[in-house]
Amino acid sequence: MNTLHIAGGQVLRPDMTVESADVLVDRDEGTILETGTLDADATETLDAEGCLVMPGLVNAHCHAAMTLLRGYADDKPLGAWLQEDIWPAEAALTPEDVRAGTELGILEMIKSGTTAFADMYFEVPEVAAAVEESGVRARIGHGVVTIGKDDEAAWADADESLDIAREFDGAADGRIRTAVMPHSLTTVGEEYLHELAAEAHDDGIPVHYHANETTDEVEPIVEERDERPLAYAKSVGMLTESDFVAHGVHTDGEEIELLAEAGTGVVHCPASNMKLASGMAPIQDMLDAGVTVGLGTDGAASNNDLDLFDEMRDAAMLGKLASDDASAVAAPDVVRMATAGSADAIGLPGGRLEAGAVADIAVVDLDAPHLTPANNLVSHLAYATRGSDVRHTVCDGQVLMRDREVLTLDEETVKARARTAAADLFERV
Ligand SMILES: N[C@@H](CCSC[C@H]1O[C@@H](n2cnc3c(=O)[nH]cnc32)[C@H](O)[C@@H]1O)C(=O)O
Ligand SMILES: [Zn+2]
């Protein structure tokens, strides 16, 4: 059998306990065979001495290619940031730019222990190609905006989202799944939302969108329809078990109930919410209500990195402030959110390190001053670990990074291409 032995480390269990154990992976099937004290004669070995072996992190809401726009427009609220800076720059992006930016984003994610992500963008065939070559797992889709477009252009955008979702679902040996992705409840008209949801669900494809991110997104819906945004989302058929929303910042008690009943996942993006001053999501209330909550970075232009360890810390900190309670959104909660919560929210396998699960794994080196002493490793993951502490990254049984060297992408080439693409872009806009 073609196996990978991750040897000599401690393992993070799905119940958030930690124990010394080896991990044996079936490289052909891409699954975990067993964990324990193993005397394996494996095809390949990864040294995990002094390390914590954990499920690969899952970035449940991202626009990976926006790495090109990192630092391009800061210190503005969502509406002005999108309309004055981001959308004009994005209008000038070529397919090659999207490829370069997505590769850079994936490189950053692999280097910080992220093995899967959900991505909303355009030029999606380029996103798919980057996922395929880099070896990660992703749920990808084309973001639709219909406001400001005539009917023909709007339907063309909506159709593209459906076509892309159908075409790429199951690509890259199944590592790529898709979703239909209307941008938000205020940037896409009702008839389009209706049609997109119905057609996507007919084909077993989920719907992913931004919702309740700012009060500016909530108030017009309440004024026009006399109902809350997520009640509206339900009425157009976008609040089913497979669907997942980004943000959910301004979500009231009834909407939280709707989410829990429907089984719709929420992707919390605390850094983006703080940076754009969008607000504080009621995450502890959602957890108490049984909502599936995942964690996302959002794009690099509103974060400004794709490091989910940072995001866990932000989620815990902001969750406490939002609840005015230091016991809210505790360390095990955020670790669960960044692993199983995210995987469940976006409907990809992963997030749990146990026999039978997919072999999506991050190995964290504990030998750093900021991780010493190793009093409580779950606390360390939530509060003290940095993406740069990740030593090895494995996805689908394949080693993507060994001893901090990424094997599937050439780091220097990816960075150089992104620098050139960004410089050319800013000259054009
Ligand atoms: N087809 C659309 C693009 C939609 S892709 C998804 C969009 O989400 C934007 N985006 C990034 N972060 C956020 C956010 O936090 N809220 C809303 N939109 C965002 C991003 O810039 C990108 O334009 C068009 O041609 O304009
Ligand atoms: Zn977003």
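Checking the condition assigned to a helix (DSSP H, G or I), in contact with a helix residue (DSSP H, G or I) (Cβ under 8 Å, 6 or more places away or on another chain), among the hydrophobic types (A, V, I, L, M, F, W, C) and farther than 20 Å from V136 by Cβ, which residue from A421, A416, A374 passes?
Only one candidate passes the filter, namely A421.
Tell me which residues, restricted to the stretch 329-377, are of a type in the set (D, E) and open to solvent by 60 Å² or more (accessible area, probe 1.4 Å).
Those that are of a type in the set (D, E) and open to solvent by 60 Å² or more (accessible area, probe 1.4 Å): D344, E354, D367.
Out of all the residues in the stretch 254-313, which are in a helix (DSSP H, G or I), more than 15 Å from ligand 1 (Cβ to nearest atom) and aliphatic (A, V, I, L, M)?
The answer is I256, L258, L259, A260, A262, I283, M286, L287, A289, L308, M312.
Take the residues in the stretch 96-134 that are among the aromatic types (F, W, Y) and not in a loop (DSSP other than H, G, I, E, B), then tell me which one is farthest from ligand 2 (Cβ to nearest atom).
So the residue we want is F117.
Pick from the stretch 139-182 the residues that are assigned to a loop (DSSP other than H, G, I, E, B) and closer than 18 Å to A65 by Cα: which of them is nearest to ligand 1 (Cβ to nearest atom)?
Ranking the qualifying residues of the stretch 139-182, first place goes to V145.
Which of (1) farther than 16 Å from S342 by Cα; (2) open to solvent by less than 10 Å² (accessible area, probe 1.4 Å); (3) not hydroxyl-bearing (S, T, Y) does A262 not meet, given it meets every other one?
With (1) farther than 16 Å from S342 by Cα; (2) open to solvent by less than 10 Å² (accessible area, probe 1.4 Å); (3) not hydroxyl-bearing (S, T, Y) applied to A262, the lone miss is (2).
Given the options A154, A91, A165, name the one that is over 26 Å from N212 (Cβ atoms), away from ligand 2 (no atom under 16 Å from the Cβ) and aliphatic (A, V, I, L, M).
Numbers: A154 fails: over 26 Å from N212 (Cβ atoms); A165 fails: over 26 Å from N212 (Cβ atoms).
Exactly one residue qualifies, and that residue is A91.
Name the single residue, out of those in the stretch 210-239 being buried (at least 17 other Cβ atoms within 10 Å of the Cβ) and polar (S, T, N, Q), that is nearest to ligand 1 (Cβ to nearest atom).
Going through the qualifying residues, I end up with T214.
Residues checked against (1) open to solvent by 30 Å² or more (accessible area, probe 1.4 Å); (2) among the acidic types (D, E):
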position: E152; (1), (2): yes, yes
position: S161; (1), (2): no, no
position: D169; (1), (2): yes, yes
position: I176; (1), (2): no, no
position: P182; (1), (2): no, no
position: E190; (1), (2): yes, yes
position: H194; (1), (2): yes, no
position: A200; (1), (2): no, no
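Consider only pairs whose beta carbons are under 8 Å apart and that are at least six residues apart or on different chains; among these, list those whose first residue lies in the stretch 169-189 and is not assigned by TED's automatic domain parsing to the domain that holds V218 and whose second residue is part of a strand (DSSP E or B) and near ligand 1 (Cβ under 10 Å from one of its atoms).
Going by the 8 Å Cβ cut-off, there are no qualifying pairs.
For A130, all conditions in the list (1) within 14 Å of ligand 1 (Cβ to nearest atom); (2) under 30 Å from D410 (Cα atoms); (3) not aromatic (F, W, Y) hold save one; what is the number of the exception?
Single failed check for A130: (1).
So D119 clears everything in (1) more than 16 Å from ligand 1 (Cβ to nearest atom); (2) surrounded by 15 or more Cβ atoms within 10 Å (Cβ to Cβ) except one condition, right? Which one?
All conditions are met except number (1).
Confirm whether A48 is small (G, A, S), closer than 21 Å to A343 by Cα and crowded, with 20+ Cβ neighbours inside 10 Å.
Working: small (G, A, S): yes; closer than 21 Å to A343 by Cα: no; crowded, with 20+ Cβ neighbours inside 10 Å: yes.
Against the criterion (small (G, A, S), closer than 21 Å to A343 by Cα and crowded, with 20+ Cβ neighbours inside 10 Å), A48 does not qualify.
Could you list, in sequence order, the residues of the stretch 395-413 that are among the β-branched types (V, I, T) and either under 16 Å from R175 (Cβ atoms) or part of a strand (DSSP E or B) (or both)?
V399, V406, T408
Can you tell which of A21, A91, A7, A40 is hydrophobic (A, V, I, L, M, F, W, C), in the same structural domain as V364 (by TED's automatic domain parsing) and open to solvent by 30 Å² or more (accessible area, probe 1.4 Å)?
Within the list A21, A91, A7, A40, the selection yields A40.
Name the residue, out of A171, A246, that is small (G, A, S) and within 16 Å of ligand 2 (Cβ to nearest atom).
Selected residue: A246, the only one of A171, A246 that is small (G, A, S) and within 16 Å of ligand 2 (Cβ to nearest atom).
Could you go through the stretch 60-79 and let me know if any residue there is among the hydroxyl-bearing types (S, T, Y), open to solvent by 30 Å² or more (accessible area, probe 1.4 Å), within 16 Å of ligand 1 (Cβ to nearest atom) and closer than 23 Å to T187 by Cβ.
Yes, the stretch 60-79 contains at least one residue that is among the hydroxyl-bearing types (S, T, Y), open to solvent by 30 Å² or more (accessible area, probe 1.4 Å), within 16 Å of ligand 1 (Cβ to nearest atom) and closer than 23 Å to T187 by Cβ.
Could you tell me which residue of the stretch 239-277 is farthest from A211 (Cα to Cα), considering only residues that are out of contact with any Ser or Thr (no Cβ under 8 Å at 6 or more places or on another chain) and among the acidic types (D, E)?
E261
It is to be established whether one or more residues within the stretch 325-341 are in a loop (DSSP other than H, G, I, E, B), at negative phi and within 16 Å of ligand 2 (Cβ to nearest atom).
The initial filter retains those residues of the stretch 325-341 that are in a loop (DSSP other than H, G, I, E, B), namely 325-330.
In the following step, the residues that additionally are at negative phi were identified as 325-328, 330.
Among the residues that remain, those that are also within 16 Å of ligand 2 (Cβ to nearest atom) are: none.
No, that holds for no residue.
The values are calculated or read from the model by the stated rules, or taken from the named source; none is laboratory data. Computed from a predicted model, the values in this text were never measured in an experiment. Neighbour counts run over all protein chains shown; Cβ positions are idealised from the backbone, glycine included. Heads up: the accessible areas ignore ligands, DNA and RNA and are worked out on the full protein's heavy atoms, side chains in. Shrake-Rupley method; radii C 1.70, N 1.55, O 1.52, S 1.80 Å.
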